[in-house]
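Notes follow the structure.
The values are calculated or read from the model by the stated rules, or taken from the named source; none is laboratory data. None of the values given here were measured: they were computed from a predicted structure. In this analysis, Cβ positions are derived from the backbone assuming ideal geometry, glycine residues included, and neighbour counts consider all displayed protein chains. The protein model used for the area step is the full one, side chains on, heavy atoms only, and it has no ligands, DNA or RNA in it. Shrake-Rupley method; radii C 1.70, N 1.55, O 1.52, S 1.80 Å.
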Amino acid sequence: MKKDEYSFTQVEPGVWHIIDYRKDSMYLVEGEREALLIDTGMGEGDLKALVRSITKKPLSVVITHAHWDHIMQADQFEKVYLNHRDLSIIELFKLNVPVQRFMDVREGHVFDLGGRCLEVFEVPGHTPGSVVLIDRQNKLLFSGDAIGAGHTWMHLPGCLSLAVYLESLEKLLQTDGFEKIYHGHLTESKIFDVQHLKDLIEAVRLVVEGKLVGQPYNFGNFEGLYVTHRSAVLVYDPDNVR
């Protein structure tokens, strides 16, 4: 797939999974009145035109977190939400995105699309302003990278401590209301279920408590350690546990 190409597949009634050349996942969710695009990936093509080929309804965009592979085509859209705690991530990585246009979104915000509502929950950890969206009626959670995508990366610059992340995950588990977890890189791993979230929580807890120690992680541009616990693979910075 070329940098200016996208592909999409309908994965649920009213939900389309869009991928770019790097296999970054975006989700278009349509209600009776409006539509919501979750993340904008890293492709260099006309993402807006692709979205408009699927739906003509009034459109909003929400960015789950400010990493380059989830935000780089946000400038194509007029109405974009981002938790402003992630402005620090944009500054850290010197991303060329329209910061002044991003509207702040916080926990409790509800995107009412007409017959379908998506509620925002903050899950700080992977980034300070990571958010997820829950569609309670259809038991769906759209998580970005807050629950990882096969390998949960908590070793990047800007990640919060594992202790803080553990609190975030435990709080998310208590919200209930979802059975399927659509994450930020679906082509690299399967759709998650609640048990995967539980496995990840336990992996983080074991590392925080010193009961599980990782091995060197040799994938990607940032050094770290990794542990495997049941279905979860956690990558972390040993200097950023507490």
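Table for the structure above
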{"quantity": "GNM top mover of Asn221, Asn96, Asn83 - the chain, alpha-carbon springs below 10 Å", "calculated": "Asn221"}
{"quantity": "The chain - percent of accessible surface contributed by carbon and sulfur, probe 1.4 Å", "calculated": "48 percent"}
{"quantity": "Residue-normalised accessible area of region 86-184, given per residue in Å² at a 1.4 Å probe", "calculated": "38 Å²"}
{"quantity": "Cα lying deepest toward the dipole's positive end in region 140-242, options Gly144, Phe222, Leu197, charges on Cβ", "calculated": "Leu197"}
{"quantity": "Only Lys, Arg (+1) and Asp, Glu (-1) charged, at Cβ; region 11-102 dipole about Cα centre in debye", "calculated": "160 debye"}
{"quantity": "Extension gain from Gln195 to Ser88, taking 0.36 nm per residue of separation minus the Cα-Cα distance", "calculated": "35.3 nm"}
{"quantity": "Within region 35-58, backbone nitrogen closer than 13 Å to the virtual label 7 Å beyond the Cα of Glu78 toward Cβ", "calculated": "57-58"}
{"quantity": "Added length on full extension, which subtracts the Cα-Cα distance from 0.36 nm per residue, Thr228 to Met103", "calculated": "41.3 nm"}
{"quantity": "Student exercise, the chain dipole from Lys, Arg, Asp, Glu Cβ charges, in Debye to nearest 20", "calculated": "220 debye"}
{"quantity": "Nearest-0.05 FRET efficiency for Glu5 and Asn221, computed from C-beta distance (R0 41 Å)", "calculated": "0.95"}
